[in-house]
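Worksheet for the structure shown next.
What follows is calculated from the coordinates using simple rules that are stated; it is not laboratory data. Only a predicted model underlies this, so the values are computations on that prediction, with no experimental measurement involved. Every residue, glycine among them, receives a Cβ derived from its backbone with ideal geometry; neighbour counts consider all protein chains shown.
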Amino acid sequence: MRYVIGVDLGTSATKTILVDENGVIRASASESYPMYQPENGWAEQDPQDWKNAAVHTIQKVVKDSGAASEEVKGIGLSGQMHGLVMLDARNRLLRNSIIWCDQRAQAQVKEMLQILPEEKWMEITANPPLAGWTAAKILWVKENEPELYEKCRHIMLPKDYVRYSLTGKYAADVSDASGMQLLDVKHRIWSDEVLSALDIKRSLLGELYESQEVVGTLLPEMAEICGLTEDTVVVAGASDNACAAVGTGIVKDGQAFTSVGTSAIVYTHLSEYKAIPGGGLHLCCCAVPGCWHTMGGPQSAGLSVEWFREKFCQDLMQRAKEEGRNFFDLVNEMTANIPVGSDRLIYLPFLMGERTPHMNPWYRGGLIGLNVVHGQAHILRAIMEGVAYCLADCNNMLKDQGVDVNLMRVCGGGSRSPVWREIMASLFECSIHTLRQEEGPAYGAAILAGVGTGIYPSVQEACERFIEEKSVTEYDCKKAKQYKKYHEIYDRIYESLQSGLYDLYHIDG
């Protein structure tokens, strides 16, 4: 029997699975790590934590599965996008990684727009300059930590640092590189024009690969630590969302998925390059060679639930512990009977600023319509609805561009909530399909490893063979009409509050 491993480097934890050649998951493991916020709007993580988590979970799945080391043929990697990892000439980390949800580089975005007009950024990188993307972070370090930047010899993304640790190779894949704002997205190559304009040396960046291509094999010491052989190959892998697409079988036109994790996105496959006017949705290369995808959604989806749980639900957490139940099972029970619109309560899911569809880093969250009838259950349901309103905005933008989605699947922790799925079905006005394989990005990474090692002939064929649906949530026409009214109010609230929130965060500026 042949096996492959999929490693998903997330924001809160790394999840690793070992899959046999028939697509069956034989073992899984996860390891969590912290996120640091030294200032308001900043977010960092220690890349060493990612490496350790990857190694520990690979060790565990190999041991727990009982697979012989020589039977494990390849490893695929999925990773959180946009994070900046910097190494010196001796390959030592220069600082913590500035990760995807960090918003400190606002001034650098303005500089980028002065260096090149927005139209040029859209033409080359397919997206307008964003503070959360890697290029702006690089400029921030250049200007605020010049002594560190002078020492920098390698720039890479989070999963690429893990791959470097396993193989010693400096590399990037085109899907993840799309989120650096340094890639010519249409032609899938580093942009010499952008690199020159920003004065970033090409030598700092790794070689580019398609997601299923083999980058290298395990270093001898890493093979020994992981319980594998030096012949185990490591493929380029892909961004978390591009891997989730493979893991949910979204690899053809007309297919889309919604992922609800720490952040949430609506992802749509495109077999041909299609520019998105105004950059209201991100456009990136995907993990299927020669194809692209759009994605958009709030940064604070599951993060909003986690925030409310930790700050205001200590009693519910204690109850769940005493009853030996999952906190989120209690949430589903509590929110199931709250009416559409949460008794006229609207939540704005923007705890960390926003990327799509509003592109407003100064925006922040809010609860609108609070009164004395509202309790925990109302607020928890309002959070679910607020996230779904934002996702529906992104879905509607696709419809406006003539992209017809005829299949919507879901993955991520939030997709396990029947209440959340019902809300999304009503707002998308389509059925929502869950999958038997819930691992999403990790499963997609494993499939990419299987293609790279020759076990599977192509990404599409592997998906057709292994991806199975589990359940369908149909949308309710009556609820869809009700939600449309609340959605319109949600959009109007955003428009009326955005200038005031900008002023609020510049009151001392």
*For Tyr273 and Leu113, compute 0.36 nm times the residue count separating them, minus their Cα-Cα distance, and round to one decimal in nm.*
55.2 nm
*asked:* How much of the DSSP bridge set in the chain is antiparallel, in percent, rounded to the nearest 5?
replied: 70
*Which three lengths, in whole Å and largest first, does segment 178-274 cover when its Cα atoms are put on their principal axes?*
44, 38, 27
*Mean projected area in nm² (Cα convex hull; one quarter of hull surface) for the chain*: 22.7
_Protection proxy ranking of 412-419, 11-18 - average other beta-carbon atoms within 10 Å, highest first_ = 11-18, 412-419
*What is the percent of Cα-Cα separations in segment 146-217 that go past 17 Å?*
44
_So for each of 154-160, 112-118 I average, over its residues, the number of other beta carbons within 10 Å; can you give me the resulting order with the highest mean first?_
154-160, 112-118
*Report the local net charge at Ser342: Lys and Arg +1, Asp and Glu -1, summed over other residues whose C-beta lies under 10 Å from its C-beta.*
0
*asked:* Give me the dipole magnitude in Debye, nearest 20, for the chain about the Cα centre, with unit charges on the beta carbon: positive for Lys and Arg, negative for Asp and Glu.
replied: 580
_Helical mean residue ellipticity (222 nm; -39500 (n - 2.57) per DSSP H run of 4+; nearest 500) of the chain_ = -12000 deg cm²/dmol
_Students often get this wrong: which residues of segment 231-271 have the backbone nitrogen under 17 Å from the point 7 angstrom along Cα-to-C-beta of Arg26?_
231-233
_Antiparallel %, DSSP beta bridges [both residues in segment 3-240], to 5_ = 65
*Regarding segment 3-240, what whole-number volume in Å³ per residue does the convex hull of its Cα atoms give?*
109
*Would you be so kind as to identify which of Tyr33, Leu218, Met112 lies farthest towards the positive end of the dipole of segment 3-240, taking Lys and Arg as +1 and Asp and Glu as -1 on Cβ and the Cα centre as origin?*
Tyr33
_If the only charges are +1 at each Lys and Arg Cβ and -1 at each Asp and Glu Cβ, what is the size of the charge dipole of segment 3-240 around the Cα centre, to the nearest 20 debye?_
260
_Potential lengthening between Val373 and Tyr36 on full extension [0.36 nm per residue; Cα-Cα distance subtracted]_ = 117.7 nm
*Give, as a single signed number, the net charge of other residues whose beta carbon lies under 11 Å from the beta carbon of Leu77, with Lys and Arg counted +1 and Asp and Glu -1.*
-3
